[in-house]
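Have a look at the structure below before the remarks.
The values are calculated or read from the model by the stated rules, or taken from the named source; none is laboratory data. Since the structure is predicted, the reported quantities are computational estimates derived from the model, not experimental observations. Cβ sites come from the backbone with ideal geometry, for glycine too, and all protein chains shown count toward neighbours. Surface areas here come from the heavy atoms of the whole protein model, side chains and all, with no ligands, DNA or RNA. Shrake-Rupley method; radii C 1.70, N 1.55, O 1.52, S 1.80 Å.
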Amino acid sequence: QVQLVESGGGLVQAGGSLRLSCASSRSIFSINAMGWYRQAPGKQRELVAGITSGGSTNYADSVKGRFTISRDNTKNTVYLQMYMLKPEDTAVYYCNARHGSDYWGQGTQVTVSS
């Protein structure tokens, strides 16, 4: 079992920045992959960024060059640094851990005003 708790969401103006955090109840050192997904109203949940236990990362085309995913194994936390936010980034952001099964956090709202 893995419990995930996200934090760091909020309201920001276009062009602003936010950093999301995802704290894991277990050591993330051994978790195969972790990632951030988002779901906007009326849309499907989509992958934003992922990071493997080896440190490899991947990003949705829409966020490349603006978002950075990272992990701190000492704090069992994964981060999503978001720069140059756009109104279309508005969504609920979910943390995911893939370790045999998929585990999800409760989500954190990010709202970008124009």
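Side notes on the structure shown:
- Counting protein heavy atoms only, the range 53-96 has 48 percent of its accessible area on carbon and sulfur, 1.4 angstrom probe.
- Net charge of Cβ neighbours under 11 Å - reference THR52; Lys, Arg +1; Asp, Glu -1: +2
- Of GLN81, GLN39, GLN13, the one that fluctuates the most in a GNM where the chain has Cα springs shorter than 10 Å: GLN13
- Cα-based Rg of the range 1-96 normalised by 2.2 N^0.38 Å, two decimals: 1.03
- Accessible area per residue, Å², the chain with all protein chains present, probe 1.4 Å: 52 Å²
- Dipole magnitude for the chain: about 100 debye, using +1 per Lys or Arg Cβ and -1 per Asp or Glu Cβ, origin at the Cα centre.
- Springs between Cα atoms under 10 Å define the GNM used for the chain, and in it the highest mean-square fluctuation of GLY16, GLY50, GLY100 occurs at GLY100.
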